[in-house]
1. Filter the stretch 138-161 down to the residues that are in a loop (DSSP other than H, G, I, E, B) and without any contact (Cβ under 8 Å) to a residue 60 or more places away in the chain and list them by number.
2. I'd like to verify a number: residues in the stretch 303-316 that are surrounded by 22 or more Cβ atoms within 10 Å (Cβ to Cβ) and assigned to a loop (DSSP other than H, G, I, E, B), how many?
3. Across the stretch 6-58, which residue is nearest to the ligand (Cβ to nearest atom) among those that are of a type in the set (Asp, Glu) and in contact (Cβ under 8 Å) with a residue 40 or more places away in the chain?
4. Could you please tell me which pairs satisfy a Cβ distance under 9 Å, a separation of 6+ or placement on different chains, a first residue in the stretch 119-133 that is under 7 Å from Phe145 (Cβ atoms), and a second residue that is buried (at least 19 other Cβ atoms within 10 Å of the Cβ) and acidic (Asp, Glu)?
5. Can you run down the residue pairs with Cβ atoms below 9 Å, 6 or more apart or on separate chains, where the first is in the stretch 69-80 and within 25 Å of Ile285 (Cβ to Cβ) and of a type in the set (S, T, N, Q) and the partner is within 12 Å of the ligand (Cβ to nearest atom) and assigned to a loop (DSSP other than H, G, I, E, B)?
6. List pairs: first in the stretch 202-228 and within 16 Å of the ligand (Cβ to nearest atom), second basic (Lys, Arg), Cβ under 9 Å, 6+ apart or cross-chain?
7. May I ask you to list the residues in the stretch 229-256 that are in a helix (DSSP H, G or I) and away from the ligand (no atom under 16 Å from the Cβ)?
8. Pick from the stretch 98-137 the residues that are in a loop (DSSP other than H, G, I, E, B) and in contact with a strand residue (DSSP E or B) (Cβ under 7 Å, 6 or more places away or on another chain): which of them is surrounded by the fewest Cβ atoms within 10 Å (Cβ to Cβ)?
Amino acid sequence: MTGPHLQWWLDAKFGMFIHWGAYSQLARGEWVMNRERWPIEEYEPLARAWRPDRHDPREWVAMAQDAGMKYLVCTSKHHDGFCLFGSELTDYNSVATMGRDLMAELADACHEAGLRFGFYYSLKDWHHPDYECGHRGDAAGHERFLEYTRGQVRELCSNYGKLDILWYDGGGLYDGEGWQAHEMNAMARELQPEIVINNRSRVPEDHDTPEQHVAVSAPGRPWETCMTMNGSWGWHAGDDRWKSTKDLIATLVGIASLGGNLLLNVGPRGDGGFPEESIIRLREIGGWLRLHGEAIYGTHRGPFEWGCFGMPTVKGGSVYLCIDKWVGQEMVVGMVKTPVRSASLLSTGEALEFEQRDDRLWIRGLPDRSYADPYATVVKLELDGEPEAYSRWL
Ligand code: GLC
């Protein structure tokens, strides 16, 4: 469903995903209830006792914006069924248990700061007695569960001001028809006419959501890779496989080059604080984007492929060669057909010498390696016309 409502999202390129819930207290990821087979009677008291006392949504929002992220999507309810928002349909929610609407606090902070905001909502629900009814052939029970789900989507789309994104997850048990997804999403769009909806209610809606990998959708079909900074979505104290900032930036560049978005996850601790490892990476990515954001925001998929130096991004008549693999003070780029008008270092504006001959372009006078920033140095080319590439070598 491409349309004008998506333009801001296509231009945004980079958002923050937040997985946070009662499970964060256990520090073993968001699947802990299921993987460790916690009976509801044992898990529920823990969820009800949750009191995140270091949660400062304004700080979260500031960290997302400093990192150069243009939108934020947070788990309003994950598979464990505990709602971080006030719901009339269950008392298993943060307003009933702690007198705080955690999602209202976050939505307000986003609105105040001008950061686009979305709800993740899990259709899967390990707490609701009717979740599996449809699976067992109990039609009345299934209808009750659909009413619950629809009702909560209505609450999320009604009670938090402007909602930019509805990010479903966990719809695997039923198909689109089983979820009555078309009707549910039509309701969401009636309440929030400009909302962006992902493809996980088992109907396509606005965009595809490759998880933990990059996968380009069919031409014209928007897509967003969601990815963790270590190997876990919800806070896992023992997961120390943190990706380097350089890898995360290379992922962002690669995704922009291929026309997608990156929704990069943070799993706050149970008390609401961001893990230090995430804070460091957010800060470093933000530093890079402050110098090189022009090469990311508003870019679209261009005709050029990867080079020995890394990936190119394209915006109108500009091409940004994001060098994250050092090739020396002279680089050669294949395939640029449109005449090049100028070449410069994006971070300083310093002009670079170039020579274009047939399907090869030489760029000379690049800084020596010690100058190069630790993540990716960007060369900006201005073209004399629409970017066009020579046909590729097979
Ligand atoms: C995986 C995880 C789920 C998480 C989702 C985010 O499916 O199992 O817990 O919310 O990824 O895309």
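1. Just the residues of the stretch 138-161 that are in a loop (DSSP other than H, G, I, E, B), to begin with: 138, 159-161.
Those that are in a loop (DSSP other than H, G, I, E, B) and without any contact (Cβ under 8 Å) to a residue 60 or more places away in the chain: Asp138, Gly161.
2. The number of residues fulfilling the criteria is 2.
3. Start the filter on the stretch 6-58 by keeping residues that are of a type in the set (Asp, Glu), which leaves 11, 30, 36, 41-42, 44, 53, 56.
Narrowing the set further to residues that are in contact (Cβ under 8 Å) with a residue 40 or more places away in the chain leaves 11, 30, 44, 53, 56.
On the way: Asp11: 23, Glu30: 5, Glu44: 19, Asp53: 25, Asp56: 23 Å.
Looking at the filtered set, the residue picked out is Glu30.
4. Tyr131/Asp125
5. Thr75/His19; Thr75/Trp20; Thr75/Gly21; Thr75/Glu30; Thr75/Trp233; Thr75/Gly234
6. His207/Arg221; Asp208/Arg221; Thr209/Arg200; Met227/Lys243; Thr228/Lys243
7. Our first condition is that a residue be in a helix (DSSP H, G or I); within the stretch 229-256, this holds for 245-256.
Passing the criteria: Thr245, Lys246, Asp247, Leu248, Ile249, Ala250, Leu252, Val253, Gly254, Ala256.
8. Our first condition is that a residue be in a loop (DSSP other than H, G, I, E, B); within the stretch 98-137, this holds for 99-101, 114-115, 123-133, 137.
Then drop every residue that is not in contact with a strand residue (DSSP E or B) (Cβ under 7 Å, 6 or more places away or on another chain), which leaves 115, 123.
Details: Leu115: 21, Leu123: 26.
Among residues in the stretch 98-137 that are in a loop (DSSP other than H, G, I, E, B) and in contact with a strand residue (DSSP E or B) (Cβ under 7 Å, 6 or more places away or on another chain), the one surrounded by the fewest Cβ atoms within 10 Å (Cβ to Cβ) is Leu115.
The values are calculated or read from the model by the stated rules, or taken from the named source; none is laboratory data. Computed from a predicted structure; not experimentally measured. We place every Cβ from the backbone using ideal geometry, glycine too, and count neighbours over all the protein chains shown.
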